Amino acid sequence: MNFNFYCQLKNLFIKKYKIKLLKSNGFTITELLIVLSLFMVLSSLTSLSLINILQKNSINLTLNNLESDLKLQQSKSMSALNNLNHGIYFDDNSYVLFSGSTYNENESNNLRVTNNSLVSYTINNETSYILFQKYTGEIINFNENLNIQVTNGQQLKNITFNKFGVSNIND
């Protein structure tokens with residue numbers, strides 16, 4: 001059996017059953033460019049929508065963490081942990097959990113919480129900190145306009161307080 005026999009057998013089979021052999025050499029460059037351009041457009045639209053979602057979630061996560069830390073410091077004061085007042089000192093993009101009657105940046109027990117660089121804090125208090133009274137948890141030197149502004153450049157949220165240290169987040 002030689003090669004010619006196989007070729008003749010193949011041709012007979014194709015003619016008898018009317019099978020057409022399709023010759024496919026792949027995709028043309030035009031087809032590839034169209035598919036790639038569609039993929040690029042869809043991926044850029046998806047990434048733009050994800051950026052907005054990430055920014056919105058970053059400020060919400062920051063607010064949740066801050067509110068949790070405020071309640072933690074207040075509960076430490078109410079339980080008179082170490083027989084001290086407890087509070088939170090605010091910088092531009094971080095805050096410090098501290099204990100004592102005033103904020104001392106050299107205190108070794110301070111805990112600094114740093115957020116991503118997009119989030120910043122502004123407090124309209126003369127001392128830049130909120131201090132909770134031991135046993136009662138009330139805010140020491142409370143004024144009616146006490147609030148904290150948290151922003152990420154696109155969104156601004158306010159946290160307001162009453163004299164008992166209860167916080168409320170406003171959009």
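The values are calculated or read from the model by the stated rules, or taken from the named source; none is laboratory data. Note that the structure is a prediction, hence the values are computed from the model and not measured. Don't worry about glycine lacking a Cβ; one is built from the backbone with ideal geometry, like all the others, and counts go over all protein chains shown.
List of remarks:
- Search result, residues across segment 105-124 that are free of Cβ contacts under 8 Å to residues at least 24 places away in the same chain, closer than 20 Å to residue 74 by Cβ and either surrounded by 15 or more Cβ atoms within 10 Å (Cβ to Cβ) or among the charged types (D, E, K, R) (or both): 107, 110, 112
- Among the residues examined, residue 134 does not qualify as touching a strand residue (DSSP E or B) at 6+ places or on another chain (Cβ under 6 Å), more than 14 Å from residue 88 (Cβ to Cβ), of a type in the set (D, E, K, R) and modelled with pLDDT of 85 or more.
Each row is one residue, and each column tells you yes or no for (1) farther than 21 Å from residue 163 by Cβ; (2) at pLDDT below 90; (3) over 17 Å from the mean Cα position of the chain (by Cα).
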{"residue": "42", "(1), (2), (3)": "yes, no, yes"}
{"residue": "54", "(1), (2), (3)": "yes, yes, no"}
{"residue": "57", "(1), (2), (3)": "yes, yes, no"}
{"residue": "72", "(1), (2), (3)": "no, no, yes"}
{"residue": "77", "(1), (2), (3)": "no, no, yes"}
{"residue": "89", "(1), (2), (3)": "no, no, yes"}
{"residue": "98", "(1), (2), (3)": "no, no, yes"}
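- Any hit, segment 133-152, residues being closer than 23 Å to residue 58 by Cβ, part of a loop (DSSP other than H, G, I, E, B) and either in contact (Cβ under 8 Å) with a residue 40 or more places away in the chain or among the aromatic types (Phe, Trp, Tyr) (or both): yes
Okay, residues lined up against (1) without any contact (Cβ under 8 Å) to a residue 24 or more places away in the chain; (2) among the acidic types (Asp, Glu); (3) part of a loop (DSSP other than H, G, I, E, B):
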site	(1), (2), (3)
53	yes, no, no
56	no, no, no
65	no, no, no
70	no, no, no
73	no, no, no
89	no, no, no
103	no, no, yes
126	yes, yes, yes
